[in-house]
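Report on one structure; see the data block that follows.
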Amino acid sequence: MEPKTIHDVIDEVLGTRLVYILRLGYGPKPNKKSSSADRINIEKRLKNKDALNACKSNFEVLQTQMDVMRSALLDVGIQVSPLQFLAPNNTSNSSSSGS
């Protein structure tokens, strides 16, 4: 059995009634389950943000490595056109290629 939190003890002793919430006044006690759900949602968003940042970092490393390889190929006389990437918020290819 998990140890009781202070909120569990207060609910058990005082019951669930109107409480004074700082800066909000009297009202129903906040739902602990929604607080837990909010915390879990925030944790998931942070994990997604961390994963996105890792992908961005990996992309930048790959882009740098490809630039180095392109330079090496140009040094030995092999012509390679530069890669063109879409802008992050761009959903269609709006960059124009040479004729």
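Quick notes
- In this calculation the C-beta distance from Glu2 to Lys47 is compared with R0 = 35 Å, giving a FRET efficiency of 0.90.
- Residue separation of Gln79 and Val9 scaled by 0.36 nm, minus their Cα-Cα distance, works out to 17.8 nm of gained length.
- With the simple spin-label model, which puts each label point 7 Å out from Cα in the Cβ direction, the Ser71 to Cys55 separation comes to 2.9 nm.
- Mean Cβ neighbour count within 10 Å, used as a protection proxy, ranking 77-83, 67-73, 44-50 highest first: 67-73, 44-50, 77-83
Computed from the coordinates by the stated procedures, all read-outs in this text should not be read as laboratory data. As the structure is a computational prediction, the values presented were derived from the model and not from experiment. Positions of Cβ are backbone-derived with ideal geometry, glycine not excepted, and every protein chain shown enters the neighbour counts.
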